[in-house]
Amino acid sequence: MNNILDFIANETNSKNYKSYKYCIENVEVPKLQYDDKQDIVVKRIGETDKGLKCSKSLKEYAIRIQGTTLFKYFLDGSRRTYKVDDIAFNNKIYPVIAGQIGAGVCYRENKDSFKSFQLHNPLAISLPGVLNSGGKNDELFFNQLLDKVNQLNVLEKQNLKFEKIVPYRYNASKEDDKYEDRGVAKIQDEMIKLEKLTVKELVRQKKLNKNTFLIKDGSLEYEWDKTDLKNLSSIKSNYASVVGVSKAFNPESLSSYNKRISQIIADLPDFHRTPAFMYETVRIPDVKFAVWYLRIRKTVNPFDGVLKVEKILVWDKEEEDGLDSDEIDLISANIINERNPVCYGQDNRWAKHLYAIFLTEKYIKSKYLSDFHFINLF
């Protein structure tokens, strides 16, 4: 039996339906999704310059440091998910979700050199946890199933294999909590794990330091599991030279601290930043962040051309006093210098896209199997 879905159904005493297969991202109506979470608790001003009350221009600073760069590594995570079948168990129907995941880093030694540095691009399947009906540990059961799936001829003859089969919750589905979304979320979780692993590997290789930073596309508001929390101080130190830059952010997320924040962001002049704020989230209360907003170009839409910049506060002194304002200015000026060239005409997020991140994203996606190829594995 070479068909992956037939094999899984046979191994789990379930029934598959050979349903229509499609790429979820190609058919879903686009939703406005923010990188930042909605459970933010703002503590206080997040930088050492407590006297900064209005926006600050970094234009002259950016001009002064042209020709040098703080950022040499660029990290992006990506995933593409697919509905590949429906499977029946105990008189209920559950979707089977599969995905291609990418977490990659590109490296720029100088302005004339930009190359790939590291890439993880595994394949994964998400199944309802109810298929583990024998009482085994979930990890053990699905790893054993994974080993058997990877021995199928359809994969071996193409030198392909799946790295994970991850179970999703199978309690009753609701309108705003569909089984498909749970499966996609599991694929997303695997992507986030790869991003964190990538940062850890760069630190272990001693690639990051006070003069060589990494820009991570998107928020640094990771969920940390229990194992992470035991080594939280060590994990935080991994992010001493990492900056998160978000294109999609909620301009109202800090409104509990400053009711005018959305208008302040919209009114930012070119190359100005807001003061930094210190906040934490209820999901990870032992981690504090410094966050500020930076306009890299003026556009018609008031929030286009503005980036949300965040950094984990690593040291005790930072958590007490905030991030050094000189470091915030240095980071901001270097981000301004990353604004050109632009990917206008190639990406509708061009006004907020840093070109090095755009290239990293393109590199990762170029390593995906085509949708047709991937779907036909099933």
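The values are calculated or read from the model by the stated rules, or taken from the named source; none is laboratory data. Remember, predicted model here, so these are calculated numbers, not experimental data. Because the Cβ atoms are built from the backbone with ideal geometry, glycine has one as well, and the counts that use them run over all protein chains shown. Surface accessibility is based on the protein's heavy atoms, side chains included, excluding ligands, DNA and RNA. Shrake-Rupley method; radii C 1.70, N 1.55, O 1.52, S 1.80 Å.
Could you list, in sequence order, the residues of the stretch 29-57 that are of a type in the set (A, V, I, L, M), under 19 Å from Tyr257 (Cα atoms) and modelled with pLDDT under 70?
Within the stretch 29-57, just Ile40 meets the criteria.
Comparison of Tyr293, Tyr279 shows that the only residue that is in a strand (DSSP E or B) and under 17 Å from Asp329 (Cβ atoms) is Tyr293. Is it true that some residue in the stretch 58-75 is at negative phi, of a type in the set (Gly, Ala, Ser) and touching a strand residue (DSSP E or B) at 6+ places or on another chain (Cβ under 8 Å)? Looking for residues that are at negative phi, of a type in the set (Gly, Ala, Ser) and touching a strand residue (DSSP E or B) at 6+ places or on another chain (Cβ under 8 Å), one finds none in the stretch 58-75, hence no.
Here the stretch 261-283 is the region considered, the condition is being within 23 Å of the chain's Cα centre (by Cα) and farther than 21 Å from Glu47 by Cβ, and the residue that is modelled with the highest pLDDT is Val282. Within the stretch 167-208, being closer than 23 Å to Ile87 by Cβ, touching a residue at least 40 places away in the same chain (Cβ under 8 Å), open to solvent by 30 Å² or more (accessible area, probe 1.4 Å) and of a type outside the set (Ser, Thr, Tyr) holds for Pro167, Arg169, Glu180, Lys186, Gln188. Ser237 satisfies every condition listed in (1) open to solvent by 30 Å² or more (accessible area, probe 1.4 Å); (2) without any contact (Cβ under 8 Å) to a residue 12 or more places away in the chain; (3) among the small types (Gly, Ala, Ser) except (2). Taken over the stretch 145-182, the criterion of being part of a helix (DSSP H, G or I) and either touching a helix residue (DSSP H, G or I) at 6+ places or on another chain (Cβ under 9 Å) or on the phi > 0 side of the Ramachandran plot (or both) is satisfied by Leu145, Lys148, Val149, Val154, Leu155, Glu180. In the stretch 301-316, the qualifying residues are those that are part of a loop (DSSP other than H, G, I, E, B) and at negative phi, and the one that is surrounded by the fewest Cβ atoms within 10 Å (Cβ to Cβ) is Asn301.
Only a single item in (1) at pLDDT 90 or above; (2) within 22 Å of Ile101 (Cβ to Cβ) is not met by Ile235, and it is number (1).
The set of residues in the stretch 264-286 that are crowded, with 23+ Cβ neighbours inside 10 Å and among the β-branched types (Val, Ile, Thr) contains only Thr274. Per the conditions (1) touching a Ser or Thr at 6+ places or on another chain (Cβ under 7 Å); (2) open to solvent by less than 20 Å² (accessible area, probe 1.4 Å); (3) under 23 Å from Asn121 (Cα atoms), the sole criterion not satisfied by Ile261 is (3).
Candidates Lys298, Lys352: the one that is surrounded by 22 or more Cβ atoms within 10 Å (Cβ to Cβ), modelled with pLDDT under 95, out of contact with any Ser or Thr (no Cβ under 7 Å at 6 or more places or on another chain) and part of a loop (DSSP other than H, G, I, E, B) is Lys352.
Under the condition of being under 22 Å from Leu359 (Cα atoms) and either open to solvent by 10 Å² or more (accessible area, probe 1.4 Å) or outside any strand (DSSP E or B) (or both), the residues counted in the stretch 79-122 number 18.
For the stretch 1-28: of the residues being surrounded by fewer than 13 Cβ atoms within 10 Å (Cβ to Cβ) and part of a helix (DSSP H, G or I), which is modelled with the highest pLDDT? The qualifying residue modelled with the highest pLDDT is Asn26.
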